[in-house]
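Here the structure comes first, spelled out in structure tokens, and everything after it is commentary.
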Amino acid sequence: MSQAKSATGQGAQLLTDVGPVIAFILVYNVGRNFVGDQAIYWGTGVFMVAVAIALAYAAMVQKRVPPLLLISAVIVISFGALTIFLQDPIFVYVKPTIINLLYSFIILICFAFGFNVWKPLFGSIFELPDRIWWILAIRWALFFQLLAFINEFLWRHINDSIVNESSRWFPNLAWSESIWANGKLGIMALTFIFAMSNVPIWMKHRLDEDEDDGEGDAADEVENSGR
């Protein structure tokens with residue numbers, strides 16, 4: 001029963017994390033062939049709707065609203081509305097930077113108060129020693145900063161939108177808006193690779209716990225993998 005519940009919960013998590021991004025990329029790329037520069041607004045609108053649906057789906061399937069998803073939804077819908085209303089894509093360009101830096105700062109600020117926010121967020125999925133929770137939280141805080149840096153690097157060098165040349169870090173470097181939009185696929189892949197790179201540390205300590213309890217279960221380890 002618990003294994004089925006875990007699998008269902010992780011399936012819902014995957015859908016809510018990846019679904020809206022895939023929807024944005026598909027609509028954006030198809031829209032480029034029909035509405036040209038307006039594709040960014042169509043993609044943004046669909047992304048907003050997809051995030052709202054993902055939020056509702058998570059609430060129904062997981063019987064709770066994941067805090068990180070809720071934070072993302074508020075920022076996505078707010079910045080998306082500004083993007084469409086003002087017809088200014090800058091808001092949607094900087095949105096991933098703000099979300100990732102916010103995640104990182106939440107983790108680090110909690111550290112300053114001696115609290116590891118990562119454990120209550122994912123403690124229902126993994127059972128790990130406190131020391132490992134601290135290590136994982138630090139890793140993710142730094143990784144979120146890396147994602148923010150990558151997004152800044154990508155959008156600041158767009159040359160077929162409203163981005164000013166003065167925003168570029170490297171004056172001779174420039175690419176189309178579609179590089180930034182489709183770059184989300186690369187960021188998802190990078191996030192997946194990073195998440196998988198953390199599997200050994202939690203698996204090692206989870207296996208240690210299972211050995212102590214005499215309840216080693218390799219299948220349970222695999223099924224509970226992920227972030």
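The base-10 log of I(q)/I(0) for the stretch 63-111, evaluated at q = 0.26 Å⁻¹, reads -0.93 [Debye formula, identical scatterers on Cα atoms, solvent excluded].
In sequence order, the stretch 83-88 has phi-based couplings of 4, 6, 5, 8, 6, 10 Hz under the Karplus curve 6.51 cos²θ - 1.76 cosθ + 1.60, θ = phi - 60°, and Gly or Pro positions carry x. Our coupling estimate for the stretch 152-167, obtained by passing each phi through the Karplus curve with A = 6.51, B = -1.76, C = 1.60 and θ = phi - 60°, is 4, 4, 6, 6, 5, 10, 6, 10, 10, 9, 8, 5, 6, 4, 5, 7 Hz, Gly and Pro reported as x. Computed from backbone phi, the HN-Hα couplings of the stretch 131-143 come to 4, 6, 4, 5, 4, 5, 5, 5, 4, 6, 4, 5, 5 Hz, rounded to whole numbers (Karplus: 6.51 cos²θ - 1.76 cosθ + 1.60, θ = phi - 60°; Gly and Pro given as x). Near the amide H of ILE158, within less than 5 Å, lie the amide hydrogens of TRP175, all on another chain or at least 5 residues away, with H placed in the peptide plane. Counted residue by residue at 0.36 nm each, then reduced by the alpha carbon distance between them, the extension gain from TRP169 to VAL61 reaches 34.5 nm.
Read-outs: derived from the displayed coordinates by stated rules, not from any lab. All of these numbers come straight from a predicted model, not from anything done at the bench.
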